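Values in this text are rule-based calculations from the coordinates and carry no lab data. Please read all numbers here as calculations on a predicted model, not as lab measurements. Because the Cβ atoms are built from the backbone with ideal geometry, glycine has one as well, and the counts that use them run over all protein chains shown.
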Amino acid sequence: MKVVQVAPFYYPVMGGVEKVVKDLSEFLSSRGFEVVVITYNRDRRGVSKFKHFEELNGIKILRIRPKLTWSHGSYSPELVTKVKESRADIVHVHVWRHPHVFQIAKMEGIIKVLHPHSPFYSLKQSGIINWTYYRIVDTLFRNTIRQYKLISITPFEKIKLERKFKVQSKLIPNGVDDLFFSISKRGDEHYLYLGRLSREKNVVSLLKAYELSGTDRPLILAGPDNGLGKRITKLVYKRKLNVKYVGQVDDATKIELLRRSRAVINPSPYEGLGLTLLEGEAMGIPSIIVGHGGQEFASPPGVSSIRTEDSPEALAEGLRSMEDDVIHSKLSAGARSWAENFKLSVVLPMYLEFYSNLYQRA
């Protein structure tokens with residue numbers, strides 16, 4: 001069986017969606033599938049610096065030239081031609097509202113799968129321009145989503161799709177590398193934020209909360225700068241905070257940061273899932289989360305996390321609560337147990353069953 005995956009970005013550009021695409025592609029290849037990834041020749045800043053075609057770990061990667069880009073969105077008139085030329089049995093499309101979703105929806109004679117990746121961010125996170133675009137697309141193009149077989153990554157998203165678009169979906173969560181479960185903690189030296197430094201991640205609110213909390217443990221920020229780096233650096237310097245921004249880190253550094261953490265903090269008021277929370281939980285590291293969304297599935301409050309409302313004051317109280325050793329010990333035990341549900345060795349076979357059922361019915 002031949003599977004083509006279409007995604008906004010692919011390795012070496014990395015993030016939650018990109019990891020899902022990479023893990024799934026390499027797993028399918030290891031099971032005898034022919035896999036092609038079609039993406040765009042650009043990074044998140046719009047810079048084109050990759051090979052047009054290459055093969056990595058058994059995956060054929062085709063990076064087409066975008067004719068139009070904005071934010072993380074790309075449009076290329078080449079896309080439909082390249083998908084047709086692939087003669088795929090299944091075309092698996094990633095991230096709702098991107099132009100390729102609408103281009104491929106019109107194609108006939110193939111099995112079409114859409115992985116929206118739960119992009120239902122709030123006005124505060126996305127800004128008025130993006131939020132207005134989201135509302136227009138979700139209203140005017142609701143029939144497009146019905147041209148696909150859908151995968152949801154959390155119960156929250158599954159319900160959202162049912163209510164918003166009147167469609168059913170197969171729940172397959174994002175998975176955690178089994179490796180993380182074999183790594184033990186090495187202490188609780190710091191609090192850790194892992195993710196992009198961007199508006200929607202609410203990092204400035206985290207810094208304000210950290211200052212209010214009065215905790216003595218340092219806060220480490222790790223992840224790519226998506227526009228907030230200078231502001232964060234100035235704020236840390238001005239307020240004399242015990243905060244260190246280490247930039248984007250490789251996997252080995254990420255593991256070391258995680259295993260020395262008291263807790264992983266996700267200040268985003270809405271997350272599609274929150275894979276870094278699960279990576280920490282696999283090592284027995286609890287979380288502090290904000291708001292409502294997929295983060296509550298990744299790290300259930302009272303089981304593996306402390307959940308707060310979206311304000312610096314509430315998040316500061318969450319940090320103070322995590323300093324309680326009794327609470328911390330209870331959540332650490334719950335974290336490891338809950339994360340077992342998200343092992344890649346458990347999650348990836350779900351795709352085989354899903355694809356097989358679709359193929360048999362076609």
Along the positive direction of the dipole of the stretch 178-342 (beta-carbon charges: Lys, Arg +1; Asp, Glu -1; about the Cα centre), which of Tyr270, His328, Ala222 reaches farthest? Ala222
Using alpha carbons only, how many degrees (0 to 90, rounded to 10) separate the axis of helix 123-140 from the longest principal axis of the chain? 20 degrees
Under a Gaussian network model of the chain whose springs join Cα atoms within less than 10 Å, the largest fluctuation of Ile265, Ile288, Ile220 belongs to Ile220
Take every Cα pair under 8 Å in the stretch 178-342 that's 6+ residues apart, average their separations, divide by the length, and report that relative contact order as a whole percent. 25 percent
Label the stretch 269-362 by shape, choosing from rounded, prolate and oblate, from the square roots a ≥ b ≥ c of the eigenvalues of the Cα gyration tensor; if a/c is under 1.5 it is rounded, and otherwise prolate applies when a/b is larger than b/c, oblate when it is not. oblate
Mind checking which of Leu257, Leu197, Pro301 is farthest towards the positive end of the stretch 178-342's charge dipole, using Cβ charges of +1 (Lys, Arg) and -1 (Asp, Glu) about the Cα centre? Leu197
Neighbourhood charge, 13 Å Cβ-Cβ cut-off, centred on Glu85 and excluding it, Lys, Arg +1 and Asp, Glu -1: +4
With the chain treated as a Gaussian network of Cα nodes joined by springs under 10 Å, which of Ile151, Ile255, Ile136 yields the largest mean-square fluctuation? Ile136
Global form of the stretch 102-210, assessed from the alpha-carbon gyration tensor, a/c cut-off 1.5: oblate
DSSP beta bridges in the stretch 178-342: the antiparallel percent, rounded to 5, is 0 percent
Which angle from 0 to 90°, rounded to the nearest 10, does the C-alpha axis of helix 155-165 make with the longest principal axis of the chain? 50 degrees
For the stretch 223-270, what does the alpha-carbon gyration tensor say about shape, rounded, prolate or oblate, given a ≥ b ≥ c as the root eigenvalues, a/c under 1.5 as rounded, and a/b over b/c as prolate? prolate
After finding the eigenvalues of the alpha carbon gyration tensor for the chain, what semi-axes result from the square roots of 5 times each, listed largest first in whole Å? 35, 22, 20
Suppose we keep just the DSSP beta bridges with both residues in the chain; what percent of those would be antiparallel, to 5? 15 percent
Fraction of beta bridges assigned by DSSP in the stretch 1-129 that are antiparallel (%, nearest 5): 25 percent
Principal axis extents for the stretch 178-342, Cα atoms only, whole Å, descending order, please. 40, 31, 29
When the chain is treated as a Gaussian network with springs between alpha carbons less than 10 Å apart, the largest mean-square fluctuation among Val21, Val13, Val264 is found at Val13
Helix 312-322 sits at what angle to the longest principal axis of the chain, using alpha carbons and giving 0 to 90 degrees rounded to 10? 70 degrees
Scoring the chain by relative contact order with C-alpha pairs under 8 Å, at least six apart, yields a percentage of 13 percent
In deg cm²/dmol and to the nearest 500, what is the mean residue ellipticity at 222 nm of the chain if only DSSP H runs of at least 4 residues count, each as -39500 (n - 2.57), divided by the residue total? -12500 deg cm²/dmol
Looking at the stretch 63-153, which trypsin sites (Lys or Arg not before Pro) are in a loop (DSSP not H, G, I, E or B) and have at most 15 other Cβ atoms within 10 Å? Lys67, Arg87, Lys106, Arg146
Return a whole-number percent for the relative contact order of the stretch 78-223, with Cα pairs under 8 Å and 6 or more residues apart as the contact set. 18 percent
So, in Å, what gap is there between the alpha-carbon centers of the stretch 234-304 and the stretch 341-356? 25 Å
